[in-house]
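Trainee: First, the structure itself, so that you have it in front of you.
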């Protein structure tokens, strides 16, 4: 007894950051918290708010494109909408949602009491709202918000900037610092805090994908920070990194940007792979097929992501050798990705499958993400890319991988762990409504975009030729339906927090992992003494 | 009992310290990676220049005068060299080639003239920046003398004829039969003044 008390005392003395048992109340609890579960929840809520904000901007875009001609907004405001929609969805919705899931689940999955650097964790969350406040504040400037596209190509963001560049740059700096700190925390936690006996190849695949994603973030977010800094000095301090008059080169901007940009794409999809690799085995009641091949496939995708960046720039006039190199490397990515898709299918093969909502979202993920992957393969072919470049085909492609890919996986994860987070089962009927409405509307929203793109409708233009009118009408209807469907999710989550059927410690009979060994809702502190893994 | 507890405390503490130390070590390594990659972002700027110099990527041509060292003139091949000019936003100059295209044999020297006129009421310093298309021809397009090597000051309403002497290398790839040389003229008055 005495020994236990002393023992606990000494542990607390050694690092008393994350282990206050007295919870503060009200706002202070959330401001000062270093608890990974609190921070995870804040990340998830923040990303949902940003998801709705960016979603409203998407609806402005779709409202304007409902009919040909200019009806609702000015072209300049339309450009601001496409730009800020992209920035918010990438940096504000998808990435923080994944960080939130990592915060909540990683320590529990590796049997650690908290993230390795709890104070840093608090900081990396709390600077995010400021970054987005700066970005969104530009709407109240006379010149308006950034209108140069989320890719901020020079000279659009330098010579031709409307004056919002500085705000944009500082917002991105802060988002980058937040991501880097979050990534460092994830790597340090995984490397140092695993329960005794949990070797690297025994880690859940969810942990592996976040581990590799965190490394990607550490490698490329500093490059993004460098790029925006160059844009800043080009715009305001007379340097000429991207200005031909002073010896610079605007095409170099694209090289540096996409050196960040392509790994960034995988930063937004690798964690999704981790989530569905958790849910599919659980609801197929089988072990994940080909665990180690999944790990190696994830690592290969991460490696390849660094040598394919110029496939975004086929039309800039590269030498033939360059075009071929980037084309073949890009196509090579289909191999490890194919390994993953086949492994998921093989996991389901002859499994005792049940179709709970997390599984529905996961299956939809596998099918729809694969469609996005195939259109990516089409875009990888240099000769045809000249036709598809900058059309709605590209828009369809990356929305299939990011919405029905990344976002659907986040929904799958949220439904899967919601009972663990809240202690209650969610309303099953509502969740089915959410899934089916989302599934139908998202395809109505994005599938016709393929045809529009192939027929030649350019992206980022507020008007279009008359022959595109019918498809655009359907796309806009799909857009509004998809947007409204997400409100079902909001209602469902709020209801689930307030109450419902009590959740057992392990509500899914096929689920595996340490997180299901603790009660539901997960206690404020878990695994103060590490579990033993054999 | 007490003794045992102490021992246990001690061992937990050492374990804790060891864990903290390894956390610190990992953090340091990762921070190093962050700074290295931030540096790499900037290192890409000179790397890109070197890469373009070697490969002629993006149609960048040399900024220094080439020596004429062709050993012969290849009269079998005729290359069309086209000239394009444009003025960057904000420079009120008239700027155009005095001949739109010339036919040259590889190894043959050629002189062409460009015309520029300052149409404003102020003295302006202009700088022309060349670019060659297709990009792979850039390293075979040799400028012996070019107005783009220096800036060009012009007083109000002053005009000037500017010369370019060039030749095309003998080992220009077989599939290139037309080379387009494009000049963009920039206003660099403020940069020159400061």
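Trainee: Could you tell me how far the Cα centroid of the range A:35-99 sits from the Cα centroid of the range A:105-139, in Å?
Mentor: 19
Trainee: Please list, in order, the residues from the range B:140-160 whose amide nitrogen is less than 15 Å from a point placed 7 Å along the Cα→Cβ vector of residue B:96.
Mentor: Answer for this model: B:160.
Trainee: Need one number: nm distance between label points at residue A:127 and residue A:324, each 7 Å from Cα along Cα→Cβ, rounded to one decimal.
Mentor: Roughly 4.5 nm, to one decimal.
Trainee: Follow-up. Label-point separation (nm) for residue A:335 and residue A:481, each offset 7 Å from Cα along Cα-to-Cβ?
Mentor: 4.1
Trainee: What is the distance, in nm, between label points placed 7 Å from the Cα along the Cα-to-Cβ direction at residue A:473 and at residue A:454?
Mentor: Taking the simple label geometry, residue A:473 and residue A:454 are separated by 2.2 nm.
Trainee: In angstroms, what radius of gyration and Dmax does chain A have, counting Cα atoms only?
Mentor: Values for chain A (Cα only, Rg and Dmax): 23.2, 82 Å.
Trainee: Give me the number: length gained by fully extending residue A:390 to residue A:512, i.e. 0.36 nm times residue separation minus the C-alpha to C-alpha distance, one decimal in nm. Numbers along the way, then the final one.
Mentor: Details: separation 122, 0.36 × 122 = 43.92 nm, distance 4.38 nm.
Going from the current span to full extension adds 39.5 nm.
Trainee: Report the calculated FRET efficiency for residue A:140 and residue A:70 (r = Cβ-Cβ distance, R0 = 30 Å), to the nearest 0.05.
Mentor: For R0 = 30 Å, the calculated efficiency reads 0.80.
Trainee: Here is a further query. So, R0 is 30 Å and r is the distance between the beta-carbons of residue B:17 and residue A:28; what FRET efficiency does that work out to, to 0.05? Walk me through the numbers before you get to the answer.
Mentor: Working: r = 31 Å, r/R0 = 1.04.
Efficiency, rounded to the nearest 0.05: 0.45.
Trainee: Run the paramagnetic zone check for residue B:73: 7 angstrom along Cα to Cβ, then residues of the range B:130-153 with backbone nitrogen under 12 Å.
Mentor: From the range B:130-153, the list is empty.
Trainee: To continue, here is another question. Using only helices, what value at 222 nm comes out for the protein assembly as shown when you add -39,500 (n - 2.57) per DSSP H run of length 4 or more and divide by the total residues, to the nearest 500 deg cm²/dmol?
Mentor: After summing the helix terms and dividing by residue count, I get -19000 deg cm²/dmol.
Trainee: First measure r as the distance between the Cβ atoms of residue B:24 and residue A:201, then evaluate 1/(1 + (r/R0)^6) with R0 = 35 Å and state the FRET efficiency to the nearest 0.05.
Mentor: Numbers: r = 26 Å, r/R0 = 0.74.
Here the calculated transfer efficiency is 0.85.
Trainee: Stretch residue A:534-residue A:354 to full length: gain in nm at 0.36 nm per residue minus the Cα-Cα span?
Mentor: The residue A:534-residue A:354 span can extend by a further 61.9 nm.
Trainee: Contour minus end-to-end for residue B:89 and residue B:160, with contour as 0.36 nm per residue of separation and end-to-end as the Cα-Cα distance? Intermediate results must be reported in sequence, preceding the final value.
Mentor: Values: separation 71, 0.36 × 71 = 25.56 nm, distance 2.07 nm.
Value of the extension gain: 23.5 nm.
Trainee: Continuing with this model, one more query. Residues of the range A:312-352 with amide nitrogen under 13 Å from the 7 Å Cα-to-Cβ point of residue A:303?
Mentor: Once the point is set 7 Å along Cα→Cβ of residue A:303, A:333, A:336 turn out to lie under 13 Å by backbone N, inside the range A:312-352.
None of the figures in this text is laboratory data; all of them are computed from the coordinates on show. Just so you know, these numbers come straight off a predicted model, no measurement behind them. Don't worry about glycine lacking a Cβ; one is built from the backbone with ideal geometry, like all the others, and counts go over all protein chains shown.
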